[in-house]
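For reference, the structure is listed below as structure tokens.
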Amino acid sequence: MKPGFYAVIGNSDYIKINNRKVPIWELLEHQPTGWLCSLQTRPEVIPENTPIIWDCGAYSYREQDYPTINGRYVDAYYVIHKYRLRSKAGDIIVSPDNLLMGDNINWRRQFNLENATNFIKAADSLPDRIPMATIHGLSLQEKLSNAIALYTMGYRHLGIGGLVRSASDYSGNLQIIRAIVEKLRSVDSSVHLHVFGLCAPKYASAFQEMNLSFDGSTHARTAFTEGIFLINSGKDIVRYPLSHAPRCLCRVCQMVKKYGINPHYWGKGRNHDSARMAHNLNQLLVTIDNISNHERIYLISGCGKQLYHPAPARELYCSQLFQASRDYVQNLNAKWFILSPLHHTIHPNQLIQPYDKSPHSMSEDERSAWATTVTQQLVQIAADEDTEFVFLTGRLYREKVIFQTRSHGYKTRTIANNLGIGQKLAWLKAQILVNRQQTLNL
Ligand SMILES: [Zn+2]
């Protein structure tokens with residue numbers, strides 16, 4: 001299971017455009033590592049090709065004397081049945097648990113242990129899913145011995161639960177989490193740990209350092225219940241009441257604007273609210289990405305008109321799109337390379353003769369061979385396997401390369417990819433402007 005942020009899925013995480021339900025993940029600049037879906041929800045749209053953590057949503061039945069979902073008693077066999085129907089290979093499935101609160105705490109402890117025991121045996125019938133159990137305890141001592149008990153049962157993926165109520169006690173929670181991580185990793189350094197329900201940037205930064213996964217539904221709560229607009233600010237996030245929220249140029253806001261949808265609107269319909277949720281999630285993902293220290297390499301296409309004489313690659317191409325893309329990556333102080341149909345991967349300072357070759361003139365086979373060479377070069381350029389390749393290129397320059405670099409284990413991301421050339425130019429210029437304003441602290 002990959003460390004990183006898993007965003008909580010709700011029942012209707014989409015925007016309705018021309019009668020099509022456009023899932024919010026299609027609008028995001030970054031994708032979360034995965035998603036978390038509770039058996040309590042019935043999402044109308046669900047992400048594919050990305051891992052999902054399936055759980056029972058213990059928080060929602062916390063007040064009940066015994067846990068139920070839709071009137072059905074929750075136990076290991078019931079949830080295995082549900083997970084079999086709803087999860088896919090590679091997904092994570094969580095043993096049913098109960099928060100330790102109320103009058104029947106001993107019964108709840110017993111419930112958690114019995115179900116964890118039954119669940120890991122029953123999970124044998126779903127060998128391509130990853131079973132996880134949640135550590136509970138009223139004291140740190142109890143949490144540590146519970147963690148060891150679950151490990152001894154056979155769990156190699158463990159969740160840390162019950163910390164959401166004390167979310168504002170940042171240092172207290174981190175102390176608990178660090179103690180559990182250290183204890184388990186001293187027994188087995190390959191154990192994976194997940195923290196349920198905490199995703200604020202200062203947590204995210206600590207979790208990244210500890211190589212943990214974590215989840216959260218801040219994006220939905222702020223958008224729907226609190227009427228808050230989140231704006232990324234470097235490695236942090238700022239909360240704005242809607243009445244004071246600044247205009248936003250993020251990918252989500254740009255894309256929904258075309259359809260008359262405004263994430264700033266409150267009480268004017270579900271589409272506006274869902275767009276705000278997508279925007280808030282996007283801002284959170286940008287923040288989490290800024291926190292991470294992985295290397296990012298930007299790739300732009302060497303396209304359009306060229307000078308008539310040899311020049312460094314960064315100056316050879318004269319198209320507006322190339323120049324705006326170049327200014328954008330230079331403004332970020334990012335490491336960047338140019339993809340060329342003739343020269344494959346070019347360093348911006350490399351001296352190049354003008355040439356005449358476009359990916360449109362290449363056959364499918366030629367493009368595949370070209371992508372293989374480009375991928376080999378990118379693998380050489382990358383500092384390590386955590387490197388992320390960010391594509392600002394057209395489709396023909398990226399499709400096969402993305403597929404191949406991913407199969408080598410690298411992260412990839414495309415930005416401004418659904419925009420027409422005019423919109424893309426406007427987007428790049430707007431981003432440069434915003435970045436300059438932030439730098440100047442205007
Ligand atoms: Zn936005």
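The values are calculated or read from the model by the stated rules, or taken from the named source; none is laboratory data. Note that the structure is a prediction, hence the values are computed from the model and not measured. Every residue, glycine as well, gets a Cβ built from its backbone with ideal geometry; the counts of neighbours run over all protein chains shown. Ligands, DNA and RNA are stripped out before the accessible areas are found, and what is left, the full protein with its side chains, is counted by its heavy atoms. Shrake-Rupley method; radii C 1.70, N 1.55, O 1.52, S 1.80 Å.
Quick notes on this one:
- Residue in segment 358-378 that is open to solvent by 50 Å² or more (accessible area, probe 1.4 Å) and of a type in the set (Lys, Arg) present: no
- Segment 258-285: number of residues that are more than 15 Å from the ligand (Cβ to nearest atom), in a helix (DSSP H, G or I) and touching a helix residue (DSSP H, G or I) at 6+ places or on another chain (Cβ under 8 Å): 0
- Complete set of residues in segment 18-43 that are touching a residue at least 60 places away in the same chain (Cβ under 8 Å), touching a helix residue (DSSP H, G or I) at 6+ places or on another chain (Cβ under 8 Å) and under 13 Å from residue 55 (Cβ atoms): none
- Residue match in segment 164-173 (condition: surrounded by 19 or more Cβ atoms within 10 Å (Cβ to Cβ), over 24 Å from residue 91 (Cβ atoms), under 25 Å from the mean Cα position of the chain (by Cα) and modelled with pLDDT of 95 or more): yes
- Residues in segment 182-205 that are open to solvent by 10 Å² or more (accessible area, probe 1.4 Å) and either under 24 Å from residue 36 (Cα atoms) or of a type in the set (Phe, Trp, Tyr) (or both) were compared, and the one that is farthest from the chain's Cα centre (by Cα) is 190.
- Considering segment 286-329, the residues that are in contact with a His (Cβ under 8 Å, 6 or more places away or on another chain) and either at pLDDT 95 or above or not in a helix (DSSP H, G or I) (or both) include one that is nearest to residue 22 (Cα to Cα), namely 302.
- Any hit, segment 248-257, residues being farther than 27 Å from residue 411 by Cα, near the ligand (Cβ under 10 Å from one of its atoms) and open to solvent by 30 Å² or more (accessible area, probe 1.4 Å): yes
- Close contacts from segment 72-100, counting a first residue that is within 13 Å of residue 112 (Cα to Cα) and a second that is among the acidic types (Asp, Glu) and open to solvent by 10 Å² or more (accessible area, probe 1.4 Å), with Cβ to Cβ under 7 Å and a gap of 6+ residues or different chains, come to 94/55; 96/75.
- Test for residue 10: is it in contact with a strand residue (DSSP E or B) (Cβ under 6 Å, 6 or more places away or on another chain) and over 23 Å from residue 125 (Cα atoms): no
- Odd one out for residue 337, checked against (1) open to solvent by 30 Å² or more (accessible area, probe 1.4 Å); (2) within 20 Å of residue 390 (Cβ to Cβ): (1)
Let's see how each residue does on (1) in the same structural domain as residue 55 (by TED's automatic domain parsing); (2) closer than 16 Å to residue 56 by Cα; (3) β-branched (Val, Ile, Thr); (4) not in a helix (DSSP H, G or I):
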{"position": "113", "(1), (2), (3), (4)": "yes, yes, no, no"}
{"position": "145", "(1), (2), (3), (4)": "yes, no, no, no"}
{"position": "148", "(1), (2), (3), (4)": "yes, no, yes, no"}
{"position": "177", "(1), (2), (3), (4)": "yes, no, yes, no"}
{"position": "189", "(1), (2), (3), (4)": "yes, no, no, yes"}
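- The sole residue among 176, 148 that is among the β-branched types (Val, Ile, Thr), buried (at least 19 other Cβ atoms within 10 Å of the Cβ) and modelled with pLDDT of 95 or more is 176.
- Going through (1) surrounded by fewer than 19 Cβ atoms within 10 Å (Cβ to Cβ); (2) among the basic types (Lys, Arg); (3) touching a residue at least 40 places away in the same chain (Cβ under 8 Å) one by one, residue 129 falls short only on (1).
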